[in-house]
Structures are given as structure tokens and as C-alpha cells.
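Asker: Have a look at this one before I ask anything.
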Protein chains: 2
Amino acid sequence: MTRFMDVHHGMEGITAEQLRAAHQADQEIEGEEGVRFERAWADPESGTVYCLSEAPSADAVQRVHDRAGHPADEIHPLPLVV
Amino acid sequence: MTRFMDVHHGMEGITAEQLRAAHQADQEIEGEEGVRFERAWADPESGTVYCLSEAPSADAVQRVHDRAGHPADEIHPLPLVV
């Protein structure tokens, strides 16, 4: 398992309820891809959303986001953490 | 206090030791700016570093990073979290 940060752009104006619903949609299917979404943060002003996950691959992260209807624009493995 | 994610680009090849040293340099002076850096993650392949903090302002986050010698390329307030 690797930690990943994925980034969504173009989410200007996202609300707390929309972020919660999107995160919940991911979590409802994440187990089928072996992914665990830990946390998501949003900046409604710039329209940026960050999702932190543990997953077997970046492709698995993207499959969850695709199936939930919100594909990520960037997915970065994060082998280093402090 | 607001939560912020700041992003550094161009850090290709960053090592665990370099990330730890950079984070420690931030933490040694963060109190002077009222900032608390919580965590930092790095993707050495794309050269991307993410830092999560709580701070009074984005300017305060940048002042710490500037003084530590590694200014951020982006700083996003994160009013929403799940």
C-alpha cells in the first residue's frame, strides 16, 4: 500500500455538504478497489480539493474517483512523510 | 487560525532526510509567526511537496517558509475538511 495525494481543480464554490457527499461516495466503493480515503480538504475560492488515501496504485485511486463521478486531475504517490 | 495546504514544485529527487531537515527548519521558527506545521509529504518523482499547517494567514505560512529558505509556490486555505 502506498499513500497518495490526489488533486481536483475547477471546484470553485464547493460547499461542505458537497465535499462530504463526494467523500462518502468514494468511501462507499473504495473497498472494491482496495483503497482507503483518509481525508479530504477543499479550498472553494481557488476550486482545489486534496484527497489523501492509501491504495495499491494510482490507478486504483482513479478508478474509485471515476466511478464516483469526480475523476482526479493529479495523483501523486507520497513515499516520504514527516 | 485557518488550515492551509502549501505546495512546493521542482523538488525532484528530494530525500527523506532533506524533507525532515526542511520540516525541522520550519518548526524551529514557526512559533514566531504563530504557525503550526502539522505534516509534510513528498513525491520525489514529480518533485512535489505538500505541507499542512494551521496559521493566522497565508502570509504567515510563507514568511516561515521564506525564512527557512524554501518559499512555497502555492498556498491554499482549507476551510472545508472531511
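Asker: List the relative contact order of segment A:2-78 as a percent without decimals, with contacts defined as Cα pairs under 8 Å and 6+ residues apart.
Answerer: 46
Asker: With everything on Cα atoms, drop me the angle between helix A:16-29 and the longest principal axis of chain A, reported from 0 to 90° to the nearest 10.
Answerer: It works out to around 20 degrees.
Asker: Please give the average number of partner chain Cβ atoms lying within 10 Å of the Cβ of each residue in A:33-43, rounded to a whole number.
Answerer: Counting other chains' Cβ atoms within 10 Å and averaging over A:33-43 gives 3.
Asker: In debye, nearest 20, what is the charge dipole magnitude of the protein assembly as shown about its Cα centre with +1 on Lys and Arg Cβ and -1 on Asp and Glu Cβ, if you could check?
Answerer: On the way: 12 positive and 32 negative charges, 65 e Å.
Using Cβ point charges on Lys, Arg, Asp and Glu, the protein assembly as shown gives about 320 debye.
Asker: Enumerate the calculated ³J(HN,Hα) couplings along segment A:42-54 in order (Karplus 6.51 cos²θ - 1.76 cosθ + 1.60, θ = phi - 60°), each rounded to whole Hz, writing x wherever the residue is Gly or Pro.
Answerer: 9, 10, x, 5, 8, x, 10, 10, 10, 10, 9, 9, 10
Asker: Hey, what angle do you get for helix B:58-67 against the long axis of chain B, alpha-carbon based, 0 to 90 degrees rounded to 10?
Answerer: The two axes meet at around 50 degrees.
Asker: Further question on the same structure: Calculate, in nm to one decimal, what A:Ser57 and A:Glu32 gain on full extension: separation in residues at 0.36 nm each, minus their alpha carbon distance.
Answerer: 7.7 nm
Asker: Also, quick follow-up: From the gyration tensor of the Cα coordinates in segment A:2-78, what semi-axes in whole Å does the equivalent ellipsoid have, largest first, with each one equal to sqrt(5λ)?
Answerer: Values: eigenvalues 73, 34, 19 Å².
Whole-Å semi-axes of the equivalent ellipsoid: 19, 13, 10.
Asker: Within 15 Å, Cβ to Cβ, of A:Glu28, how many net charges do the neighbouring residues add up to if Lys/Arg are +1 and Asp/Glu are -1? Don't jump to the answer; show the numbers that get you there.
Answerer: Details: positive: A:Arg20, A:Arg36, A:Arg63, A:Arg67; negative: A:Asp26, A:Glu30, A:Glu32, A:Glu33, A:Asp66.
Spelling it out: positives minus negatives among the neighbours equals -1.
Asker: Moving on. Enumerate the amide H contacts of B:Thr48 below 5 Å, restricted to partners 5 or more residues apart or on another chain; note that Pro and chain-start residues carry no placed amide H.
Answerer: B:Met11, B:Asp43
Asker: Here's another thing I want to ask about it. Taking θ = phi - 60°, what integer Hz values does the Karplus form 6.51 cos²θ - 1.76 cosθ + 1.60 yield along segment B:4-11, in sequence order, with x for Gly and Pro?
Answerer: 10, 10, 10, 10, 10, 9, x, 9
Asker: I've got another one for you. What number, rounded to the nearest 500 deg cm²/dmol, is the helix-based mean residue ellipticity at 222 nm of chain B, given -39500 (n - 2.57) per DSSP H run of at least four residues and division by all its residues? Spell out each step's value before the answer.
Answerer: Numbers: 2 runs with 24 residues, N = 82.
Result for chain B, helices only: -9000 deg cm²/dmol.
Asker: Compute, for chain B, the length of the dipole vector about the Cα centre, with Cβ point charges of +1 (Lys, Arg) and -1 (Asp, Glu) only. Units Debye, rounded to 20.
Answerer: In total the dipole reaches around 180 debye.
Asker: Just to make sure I understand: if all protein chains stay in place, what is the order of A:Met11, A:Met5 by accessible area at 1.4 Å, largest first?
Answerer: My answer, sorted largest first, is A:Met11, A:Met5.
Asker: Rounded, prolate or oblate for the protein assembly as shown? Axes are the square roots of the Cα gyration tensor eigenvalues, ordered a ≥ b ≥ c, and the cut-off for rounded is a/c under 1.5.
Answerer: Oblate.
The values are calculated or read from the model by the stated rules, or taken from the named source; none is laboratory data. Given the structure is predicted, the values throughout are model-derived calculations rather than measurements. Note: ideal-geometry Cβ built from the backbone for every residue, glycine included; neighbour counts use all protein chains shown. Please note that ligands, DNA and RNA were not included when accessible areas were found on the heavy atoms of the full protein model with its side chains. Shrake-Rupley method; radii C 1.70, N 1.55, O 1.52, S 1.80 Å.
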